[in-house]
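For reference, the structure discussed in these notes is given below.
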Amino acid sequence: MPYFQVNRKLLLMKIHYFLGIGGYAPFSPFLTTISKQRGYSAFIVGLIFMLQPIPGMLIRPIVGAVTDKYKCRRSVFIASSIITFVLVCLLSIIPGTTSKEEMNDLDVIKSPLFWMFFTTIALLNTDGTVKSVLEDTICMDLLGKDKHNYGKQRLWGSIGWSLFAIISGASVDWYSTGEEYKNYAPGYVIASICFLLDIYVVFKLKVVQENDTKIVASDVKKVFTEGKVIAFLLWVVFIGFFISFIWNFVFWYLEDLANNFHPETKSWMKTLQGIALLIQCFGGEVPSFILSSYILKRVDHMTVFSIVFFTFTCIFFVYTIIENPLWALPVELLNGITFALSYSAAISYAALITPTGAEGTLQGVVGTAYTGIGAPIGSFVGGYMFKHIGSIDSFKLLSVVAFFTCVIQITVNYLLKRFSKNEEVKDIYSKVETKDDNIEEDIVLTS
């Protein structure tokens, strides 16, 4: 027997995560600064990132339910991968505008160019949510009983994201040498190549759905009426809220630090931002995804959420006390930990509570709570806060909100556990009493 064996099904899944998630890195994390370069205010940027996930929020649970019912997971997955490639090509050719002065919000909304830009990234986000539901559901099916090993597959998305982010960031800085504004053409080229290769991988990926599995609606309904599941979805919404500030506004914050305190870093800001993503992914996400299976075997999912909320508190507080953008780089380690642990815990918990045959439905609901409800609300609130109170004061307020959320979550988790134990004790007593009654009836009948 060979010492080293490759599971081809999981290998293709890893390659898909590497290309399919890494392909977004050359442009997606830079969309806020691209918008800023176009002259859009923080409020408009927040509005964009609040509205663009709404179609995905609506379609995500529908896709999960439809692909579960009609067993069309593979065909929809292939179609969504092709659509992603087409939309990235379209985004790359939208005429770019540059403005030193911040444009009037009303003028921006009246601009056809703005709506072309917004519609394209909204469609990209919607298609991305469809892919996310399907890829995680397919991955869980391939893992079978080893669902705790999800993080070991998903970490390849973080590796791809970090590598392509630093490569594209450095390429954009190099390509823009001597220019007043950044030219993001190299990033779009890298993204297009990644998504084109990913289409081939998805075609080769084996997706199996059991045809004889029936979804019992009452089982799904029962899951969503349990108190611990409702609380779980609420915490997922809050995590999406907080993480949206990291996804959408940290690069804006870094550029504010450069403009206000260290203008010498402006010429290589995209490289710095790429390094930030590299540290976030390789230093934080990858180790956390690797360790997630070990952690989730030994630590309760809700306890992991408590750790994540406390980490958010620390992250937002540190952002309020630094002035040099370089000092934000170590914080990216914590940003990687928060995403990897929270996402692994959410996906694996959803897989554990899912009734047979409804895997896509539950993953769709969890994804909607994470990126369809929490993240859009955070994006809108973040845009409003950054515009009216500034980036540093926004993070001060966020650190307080995250701390109280952590305290409340720990308290609610404790109460739910205690209530659950009381219910178990009641069930044991009722079973004992029933057994005693049956014994008494037998004695009477015998006598």
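Carbon and sulfur: what percent of segment 256-322's accessible surface (1.4 Å probe)?
Heavy-atom surface of segment 256-322 belonging to carbon and sulfur, 1.4 Å probe: 68 percent.
Local charge sum around Val308 (other residues, Cβ-Cβ under 15 Å, Lys/Arg +1, Asp/Glu -1)?
Overall, the nearby charge balance is -2.
Can you give me the accessible area per residue for the chain, using a 1.4 Å probe, in Å²?
Counting only protein heavy atoms, the per-residue value for the chain is 47 Å².
For segment 290-338, what are the per-bin percents of Cα-Cα distances with bins 10 Å wide, up to the bin holding the maximum?
Calculated P(r), rounded to whole percents: 23, 44, 24, 9.
Percent relative contact order of the chain, based on C-alpha pairs within less than 8 angstrom and at least six residues apart?
28
Could you tell me how many cubic angstrom of Cα convex hull volume segment 1-145 has per residue?
Given the Cα convex hull of segment 1-145, per-residue volume reads 143 Å³.
Leaving ligands, DNA and RNA out of it, work out the accessible area of Glu332 with a 1.4 Å probe and give it in Å² to the nearest 10.
10
Suppose we look only past 23 Å in the calculated P(r) of segment 228-358. What percent of the Cα-Cα pairs does that tail hold?
In whole percent, the long-distance tail amounts to 38.
Summing -39500 (n - 2.57) over the DSSP H runs of n ≥ 4 in the chain and dividing by its residue number, what mean residue ellipticity at 222 nm do you reach, to the nearest 500 deg cm²/dmol?
Calculated from helices alone, the mean residue ellipticity at 222 nm is -26000 deg cm²/dmol.
Mind listing P(r) for the chain? All alpha-carbon pairs, 10 Å bins, whole percents.
4, 20, 31, 24, 12, 5, 2, 1, 1, 0, 0
Please go through segment 83-170 and write out the GluC sites (Glu not before Pro) that DSSP classes as loop and that have at most 11 other C-beta atoms within 10 Å.
Within segment 83-170, the qualifying GluC sites (Glu not before Pro) (loop, at most 11 other Cβ atoms within 10 Å) are Glu101.
Over segment 237-345, what is the relative contact order in whole percent, taking alpha-carbon pairs under 8 Å and six or more residues apart?
It comes to 44 percent, rounded to a whole number.
At a probe size of 1.4 Å, how large is the accessible area of Lys36, to the nearest 10 Å²?
In the full protein context, Lys36 sits at about 50 Å².
Looking at the chain, identify the longest residue range that excludes and avoids all chymotrypsin sites (Phe, Trp or Tyr not before Pro) in DSSP loops having at most 14 other Cβ atoms within 10 Å.
262-447
Work out how much length Cys89 to Asp393 would gain on full extension: take 0.36 nm times their residue separation and subtract the Cα-Cα distance, in nm to one decimal.
105.7 nm
Expressed as an acute angle from 0 to 90° and rounded to the nearest 10, what is the orientation of the C-alpha long axis of helix 391-446 relative to the principal long axis of the chain?
The answer is roughly 10 degrees.
Say the cut-off is 19 Å between C-alpha atoms; which of Lys36/Lys110; Lys131/Lys204; Lys71/Lys147; Lys14/Lys147 go over it?
Going by Cα-Cα distance, Lys71/Lys147 fall outside the 19 Å limit.
Carbon-plus-sulfur fraction of the accessible area of segment 107-150, 1.4 Å probe, in percent?
Carbon and sulfur together cover 63 percent of it.
Distance between Cα centroids, segment 69-126 to segment 226-263: provide it in whole Å.
Spelled out, the Cα-based centre of one part sits 22 Å from the other.
The values are calculated or read from the model by the stated rules, or taken from the named source; none is laboratory data. Quick caveat: nothing in here was measured; it's all calculated off a predicted structure. When we count neighbours, we look across all protein chains shown, and the Cβ atoms used for this are built from the backbone with ideal geometry, even at glycine. Keep in mind that these areas ignore ligands, DNA and RNA; they rest on the heavy atoms of the full protein, side chains included. Shrake-Rupley method; radii C 1.70, N 1.55, O 1.52, S 1.80 Å.
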